[in-house]
Structure formats: C-alpha cells, structure tokens
There are 4 protein chains.
Amino acid sequence: MSDNVPKSGGPVAPELMADLAAASRILAAQGVVDGFGHVSMRHPKAPERYLMARSLAPALVTPADIIEYDLDSNACNANGRSSFLERFIHGEIYKARPDVMAVVHSHSPSVIPFGLVGVPMRAMFHNAAFLAFGVPTFDIREKFGATDLLVSNGPKGVALAQVMGKKDVALMRAHGSVACGPTLQTAVFRAVYTEVNARIQHWTIALAGSGTDATRIAAVDEDEAPLADVINRTAGMRAWDLWRTQVRAQVGW
Amino acid sequence: MSDNVPKSGGPVAPELMADLAAASRILAAQGVVDGFGHVSMRHPKAPERYLMARSLAPALVTPADIIEYDLDSNACNANGRSSFLERFIHGEIYKARPDVMAVVHSHSPSVIPFGLVGVPMRAMFHNAAFLAFGVPTFDIREKFGATDLLVSNGPKGVALAQVMGKKDVALMRAHGSVACGPTLQTAVFRAVYTEVNARIQHWTIALAGSGTDATRIAAVDEDEAPLADVINRTAGMRAWDLWRTQVRAQVGW
Amino acid sequence: MSDNVPKSGGPVAPELMADLAAASRILAAQGVVDGFGHVSMRHPKAPERYLMARSLAPALVTPADIIEYDLDSNACNANGRSSFLERFIHGEIYKARPDVMAVVHSHSPSVIPFGLVGVPMRAMFHNAAFLAFGVPTFDIREKFGATDLLVSNGPKGVALAQVMGKKDVALMRAHGSVACGPTLQTAVFRAVYTEVNARIQHWTIALAGSGTDATRIAAVDEDEAPLADVINRTAGMRAWDLWRTQVRAQVGW
Amino acid sequence: MSDNVPKSGGPVAPELMADLAAASRILAAQGVVDGFGHVSMRHPKAPERYLMARSLAPALVTPADIIEYDLDSNACNANGRSSFLERFIHGEIYKARPDVMAVVHSHSPSVIPFGLVGVPMRAMFHNAAFLAFGVPTFDIREKFGATDLLVSNGPKGVALAQVMGKKDVALMRAHGSVACGPTLQTAVFRAVYTEVNARIQHWTIALAGSGTDATRIAAVDEDEAPLADVINRTAGMRAWDLWRTQVRAQVGW
C-alpha cells in the first residue's frame, strides 16, 4: 500500500497550519461542531492537495494533528494516524469546485431540520447573505439506498458535490451540512452564520405564523445578497479576528 | 439487616471506576442531568452486580462515591452512604436485559415533552439512529396508580423494564427517561444524543408546520438506522474521548 | 424617622446568613434572576422579622449585605444601605402565610409568558409537582390602575399575597413571579424548577400542537403532586447541595 | 484630506472612556453583539461630537480604541485606525435627536425576526417598558433599492433616523436594530432588554396560539409604560452596576 501514498504538495507555513487547527476549535466554541465535524483547507501551493486534522474531536485539534491528502482523499503523511471516514466530502468538493479553498462539515443542530422538511433556508440578515443564493439538500438515499448516512467514499462525495453545484452551503438529509468558501476564514464564517441564521429563521417562521408560506418574510433578496456578501468576505473578517484571538488566549499557537 | 448485605463481585479496575465517575460529570456538563439523574455500569466480572454512585449530584461524583449493588439493588458496601431512591431502574433493567452493560436515568428537559404527548421520538440524524428502533413511554400510573412518580422499588423497576423491552431508550411520563447500551460509553452517548435529538425534533416539527403529522419529516429510516448505529458505537466514541478529556482536565482521575 | 426603626429579632447564625447570600448567587447562576430579583428568609427566631439583601444585583450579594426588616418592610439596621423597592412582596407574604419561611421574586424569562396569556402553568415533571396545586396570576392593574408595575408598598403586597392565597407560586402580569416555601432551600428549588418547568411546558404545548388545549398533556396530576412534592422537599435537597457547593467554590463563605 | 479632519471637542474623563469601552464588552457578554455591532456616546462636553471604538469586535475593545467623530461621522483622531462602516447610524441619530446621548447598533438574534414580519414588538414586562412606545422598522430597500444593507453613508443614516423618529428602538429589516437613550447606561440597558423581551415575546406568541392576534397578550400598556420606564432609568441601573463589575473583574479599567 505504501506505493500508493501520494506525494506531498510541499511544506505549508506554520501560521497557516495554526489557523486551520484554530478553525476547528473556533467551530467548537461557536457551537457549530461538537465531538464531530471537520474543517479542511486546500493546500496553498498545491491545488491537488488538501489539509485536514486526523480523526479527532474538533475542540482538541492542534497543528501537529493535521494530515495532507490528495483529492481522492488518500493521506500523504498519515504516519499511523487515522483519518476521518468522511474526508471524501472535502476531496470531492475540491475536485468539483476550483474556486473553493476551504470546506466545513458539521451537524449544526439548528440547521438539521431544514434538511428534513421541505422548507428552504433563506437569508434572514446580511451576515447570512450567502444563503440567498439557494441551499440544496443532498439525500444520500436517492442514489445509494440504505446506508450509514456517511459520505464515506469517493462516489458518495461526488454525488454530494453534484447536488451542491455552485452553492456555498448544502444540507445533508438526516445528517448535517457543508459550507465552503474562497478562504478558510470565509468557510468558517459561513458555517457559523448558517447555524445562526437557522436559529433566526426558526423563530421568524414561528412569528410569521406558518411553516410553509415563506412569502411573508422580508428576507435578504437576490439583488441585495451579492452586495452584502462582499462585505462579509472583507469587513466581516472582524469576526474571525475575534475568534482567532480567543483561541490564541487558550493555546500557544 | 447486615445478614442481607450481598457479597461483592470482586474488585474493579480503578480506571473503570474513574470512567464511571467521569460519566456522571460528563452527563452534567452536557446538560443531560442537573442536580438529579444517575448512571450505572454492570460489574465487569460479575454480571449479577452493578456499580453506581451514592446519592449525590452527578457533577460532584468521584470514584470514591461508587457503591456496588446486587440486581435487587441491595448495596454490597454502602458503609453508611445513602443510595439513590431510584436505583431499581438500573437493577431491574440489568436483570431483564443481559445485553445491557450501562444505564443512564435523567430528566433531560427537551426529552420530557415526548413523554407527555402522543408524538413519538424519531431519529433526526445519524448520531441518534438508535431512536429509530422506537421509544416507548412508561406511565407509572397505569399499574401503580397515584405515586410520587419515582421508580423506588423492584416492582416499579420491573414494570419500567417491561415497557422498555428491547429498546435502547424509554420515556417515563411526567418524569424523564432511561438510556442504556452495551458499554458505558454507548449509554452515555445515547443519553446525550437523545437530548440533542429532542431539541432538533422540536424545531423540525415546528418547521414541518404540524405537531402530529410526522410523515413529512425525512428522518433516519428503519433500514438506515442499524447501519448508522454501528458507526455511533465505534467511530462515535470520538465524542466520549472529548468528554473524558474535558473531565480529566478538571480532576486528577 | 429613627424613632420608627424597628427592633431586631436578634442575631442570626452566620451560616444561615451565608446560606441566604448564597441563595442569591444560586438564583443568578441558574438563570432565574439577572440584575434584578431577590430572595428573603424569615428570621429563624423572630417570625415578625425577615432578612434580605440591600438593593444589589443578586450575583454580587455577600452576607454583609443582608438587612433585617419587620413585616411592614421597615429596615431594622439599614445603616445607610438602600432597600429593594419591592421588599413589600416579602413582608406581606410573611404576614399572610405563617407557613412560609422564604420567598423568591424573579423575572425568570420562560415564566413571564404564562402571566400574559390565559394558559395555566402545569407540572410537566415530578420536580415541579408544586405547580400542580395551581398558579394564580396577580394583575396589579385590576386594583391599582396604571402603575410602574412594581409592588412598592404595603397595599400592593397585600393584594399580591391575597391572589397567591395558599399556593406556592404566583405569576405577576407583565412583570415576573414569586415562589415561596417552608425553608430557604425549598423556595429556591421552587423558583428554579418553575423556570425549568416553563421551558418544558412551552415545548410540550408546541408538541401537542395547540396553545390552548392542555387536555392532551399527561402532566403530573392532582393525586401524584402531593406525593412527588414530599420528595422534592427531602431528597430533592440534593440540588441545593450541588448549588451551595458551587457557590462555596467561588467565595469564602 | 487632512484639511477635513474635524477639531476635537476636548478631552474626556478617563472613567467615561472606560465606561464606553466596558459597554462594548457588556453587550458582547450579554449576547447582544457577537463579532459585530457597536456602541457610541455623545461627547459629554461637545454635543457636536461623539465617541466610538475603531472597527473592532466589541469583546476586544479597550479605552485606547476609542475614536472621536463629528456628527457627519468624520474622525477627529483616527491616527490610521479604521472606522466602522456604519458609524453614520450614530452620527445621524445624534443630529436628529438632541435628547439622545448614546446609541447601540446590534444584530441581536431574537430581535431580527420582528424586522422581517409584520408582528410588532411589544413590552412583555416592565424592564422592557420602553418598547411600549412603539418600535418602527427601517427597510433600506424602500429608499435606496438593492444595497449591501449597511447604513454606510450619511443619507442612509438620515433615513434610518427619520424612521426611528422619537422612539427608543428601531428595527432594521434583514439586518438588526438600534437602541438609544439619554445616558450610555440606559442605551445599553435598552439594547439588552430588547433582546430579552424578544425571546419572551416569541414564547408568549407561541403560547397565545397565534402569530398575529396580539390582542390576547396582556403586555405593558401605554399608561403603565412611562411609569415603569422611569424605574428602569433609575433603580434599573443596578443591572449596569452588575455588568460593569463583571467587566472590571476581567480588565484593569
């Protein structure tokens, strides 16, 4: 099997590795992940490689836990460390979406209901403007029948990436969701505000007095969304700065 | 009375006693128990004995607080320590279910509503797949009339165990619930994700626009559930590892 | 005015004063009070006197902040310290209810809705059994017209105590609630579990699919309630032990 | 451009600068702001100037981060520090409302739904009495068409201030809200209790069994509101004292 070990894309700056490990802890601190979930980033110099922690609860990840993978999700440097079963989510999205530089997978609790019923997620406020472009739902049962619901191989990752298409966020029925972005910071931001938006949308729907008639909700509209999303990707990084500072106060990196 | 003190099943490895004490604190940290609730494990070498803390709030339990009981819930080594009034929940489930190695009893707040109305719990995501096998409700009033609602003797424990049958989780009307499993870790996992799932199901039902028509919710189905549950009992132990690490950071065991 | 200063009922054991100060902090830690709310206890040796902190946020109270009052809510030992505007809640309940030894007033957020609409609070589980005896609502507007909503003098306190009658908990429309008990520990327990029960009841009503038809909810019934409440006042003190231990870990008393 | 730098209104007492920085941290600790949102106060001696932190997450603000602005929101002493894009919210409200001495802008999650549907906010309890005077909604789309939703220039700030009129709180559709007051402490109090009230109102509406028929909710009425609000602005400062003490326990100012 060692013949199949893919070659590394080269060394990555320690501060980027630290940011990726910090992203795991940020997602845990923000309630997006619990013992499960993972975040990856594309190798900054080798677009055919990506970086992700070994199989470990997100709140415990350190830079030393990060493994490099090729886009078929074969580890370049496992060194006996075990990999996440669902790393194929990441590899197949990187293959299908050259614009995506980072991916988050989570079971964020407020988001899960939207993957179980026919009510679409919408952007309740400017920080979640990226949701206004549409949030498709991947139902693994359609193509693969009864499974353990995990995206645990390449074909399942391909199917998920196909449903995701050009969107930033996709729901996974009876499982969770995926958020991606052009930078690590933006992918984390989107994962966090997808959860925040879901909480707001639940109460908004309750307030509107209907679980299905979404027409009465004055959500961010299609024309506003691209304009608002630019701000999220620039000035919105103030949130990342806060979260990164909070992680730094707890660890030495 | 000392003539009735049952004989011990023999010494238990200190690390297992520490894990059991840690399980109490984990359940408190995860919001499954507050000042009340308890977790037990079957004696690893003597299946006719089980281990559980003395009557004490779960967040305060240490290994030294653990008492050994026979399956009639008589203490082997109380040494003046008082026992939980509801230890019969544990003893009678161990009697009825040789496959069960650990039991959690809690008043987990999001779960209680499902024991009060006719809406069944269902598995909203893969981590709660064990709920897809069905969650029966024990109403102590049916057999015992007006009581203090506690399962405070053998017959009440037997009746609860009968309602539970072969399931992993049972609701107790106007009281709480019980979760069990083939290992301590799995029982704790199930107690935690029963609560998490209840929160998700409340919002899912609200989103579906109906408190009773559950047919519109694309929950984990019967074919998926056993497959997903295997993962929970294996790779899912990553959650236990996180929780155990968090307890270890606060105590010396 | 100094002629009107009532005489003290005599010294109180320091550990009781510490328990009363701790009760304030417990209520804050449990989310029952925020910057506002107060807890009092009847003087242990002088039933015509009660003890309560000076006007101060509950989380900051120390034993040195406790003032003694007569049942008209005149301070015995203010020494320049300011009193809560609503101390008359306490004084008038102690007058009307010789069985009451402690009173909690709070604006506990999940409870407030029940004082605003015609849906009665019911006991969703055994720990809240005391609610099964009925929870009346005091509307200050009925007798006093437009006010600042505060129970800021004797007559308003009398009117509240009349509405409360023999119950353990009363709602105050557009304001908050009062819980009382035969011991400090039980009054605190009831204030905490009134809030917990309110959260559970909100979700139970949502689950039952109706905000008004409470008949479908299998709450603690009238026969069960007195039996369950005995346990709360005895074994239920395990919760107080936990909370008191947590306060002791933060302060020296 | 340096010719356009407005002149300072003069030095401000260090304890007032510290209070303003603390206000930012208080709003973060109370869940009113996350990585975003800001609080300002009018210059205590120069009514044509106001003070606000540089563009920074509220939880990180220190007194050294505070910049002085004229009412057109030009910085007097930026010294290379970047300003919040939405500072015009503050400047234009100070222009329109001489009575306002402090302004908070937030994306407080429970409040956002009220800006998206046609259900008015009402005062659920005395601490939120200021809401009883009415809470208008600013929809930036009406006057400015598709935008990034930010109040990022003078005209947008003017339009917001016009919708706000003489009220204490205004909603911003698909964005957030603004709260103001005659003192820094009162503005912070109002921002906090607008969020608390929103949570209570959501559950109250659910309990009333209707998202639109608000007539069944016995909210603070128009006659009670002014009386209750006086108390909030005086005795209600007990909450500020608590929050300020909590900040002081974490920083040296």
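The values are calculated or read from the model by the stated rules, or taken from the named source; none is laboratory data. In this text, all values refer to a predicted model and were calculated from it rather than measured experimentally. In this analysis, Cβ positions are derived from the backbone assuming ideal geometry, glycine residues included, and neighbour counts consider all displayed protein chains.
Of the helices (runs of 4 or more DSSP H) entirely within segment D:88-165, those holding at least 2 residues that are within 14 Å of chain A (Cβ to nearest Cβ), of a type in the set (D, E, K, R) and over 17 Å from the mean Cα position of the chain (by Cα) occupy D:140-144. Go through the residues of segment D:96-112 one by one and say whether even a single one is touching a residue at least 24 places away in the same chain (Cβ under 8 Å), out of contact with any Ser or Thr (no Cβ under 7 Å at 6 or more places or on another chain) and farther than 22 Å from residue D:170 by Cα. No, the conditions are met nowhere in segment D:96-112. Among residues of segment B:45-67 being surrounded by fewer than 22 Cβ atoms within 10 Å (Cβ to Cβ) and either in contact with a Cys (Cβ under 9 Å, 6 or more places away or on another chain) or within 14 Å of another protein chain (Cβ to nearest Cβ) (or both), the one that is nearest to residue B:95 (Cα to Cα) is B:67.
Taking the listed residues D:156, D:167, the one that is of a type in the set (Lys, Arg), surrounded by fewer than 24 Cβ atoms within 10 Å (Cβ to Cβ) and closer than 18 Å to residue D:233 by Cβ is D:167, with no other qualifying. The residues of segment C:82-124 that are aromatic (Phe, Trp, Tyr), in contact with a Lys or Arg (Cβ under 8 Å, 6 or more places away or on another chain) and under 18 Å from residue C:140 (Cα atoms) amount to a single one, C:88. With respect to the conditions (1) modelled with pLDDT under 95; (2) closer than 30 Å to residue D:54 by Cα; (3) not hydrophobic (A, V, I, L, M, F, W, C), residue D:105 falls short on a single one, namely (1). Taking (1) assigned to a strand (DSSP E or B); (2) under 23 Å from residue A:165 (Cα atoms) in turn, residue A:67 satisfies each apart from (2).
Considering segment D:244-253, and only residues there that are in a helix (DSSP H, G or I) and more than 7 Å from every other protein chain (Cβ to nearest Cβ), the residue that is nearest to residue D:181 (Cα to Cα) turns out to be D:244. All of (1) closer than 30 Å to residue A:245 by Cβ; (2) touching a helix residue (DSSP H, G or I) at 6+ places or on another chain (Cβ under 9 Å) hold for residue D:71 with one exception: (1).
Would you be able to tell me the number of residues in segment A:92-112 that are over 18 Å from residue A:36 (Cβ atoms) and not hydrophobic (A, V, I, L, M, F, W, C)? The number of residues fulfilling the criteria is 6.
Out of all the residues in segment C:231-249, which are free of Cβ contacts under 8 Å to residues at least 24 places away in the same chain and under 18 Å from residue B:25 (Cβ atoms)? Of everything in segment C:231-249, those that are free of Cβ contacts under 8 Å to residues at least 24 places away in the same chain and under 18 Å from residue B:25 (Cβ atoms) turn out to be C:238, C:241, C:242, C:245, C:249. All conditions but one from (1) under 24 Å from residue A:246 (Cβ atoms); (2) part of a strand (DSSP E or B); (3) not charged (D, E, K, R) apply to residue D:41; the one that does not is (1). Among the numbered conditions (1) within 11 Å of another protein chain (Cβ to nearest Cβ); (2) over 16 Å from the mean Cα position of the chain (by Cα), the only one that residue D:177 does not meet is (2). Residues in segment A:219-236 that are among the acidic types (Asp, Glu) and within 8 Å of chain D (Cβ to nearest Cβ): 3 in all. Yes or no: residue B:24 within 16 Å of the chain's Cα centre (by Cα) and closer than 25 Å to residue B:199 by Cβ? The answer is yes for residue B:24. Would a scan of segment B:73-84 turn up a residue that is buried (at least 21 other Cβ atoms within 10 Å of the Cβ) and part of a strand (DSSP E or B)? No. Only residues that are more than 11 Å from chain B (Cβ to nearest Cβ) and in a loop (DSSP other than H, G, I, E, B) were counted in segment C:180-209, giving 2. Screening residue A:221 with (1) crowded, with 18+ Cβ neighbours inside 10 Å; (2) modelled with pLDDT of 95 or more; (3) not in a helix (DSSP H, G or I) gives one miss only, at (1). For segment D:123-153, a residue qualifies if it is among the basic types (Lys, Arg) and either touching a residue at least 60 places away in the same chain (Cβ under 8 Å) or within 14 Å of residue D:180 (Cα to Cα) (or both), but none of them does. If I ask for residues that are touching a residue at least 40 places away in the same chain (Cβ under 8 Å) and more than 16 Å from the chain's Cα centre (by Cα), which ones from segment D:180-212 would you list? Correct list: D:199, D:200, D:201, D:202, D:204, D:205, D:211, D:212.
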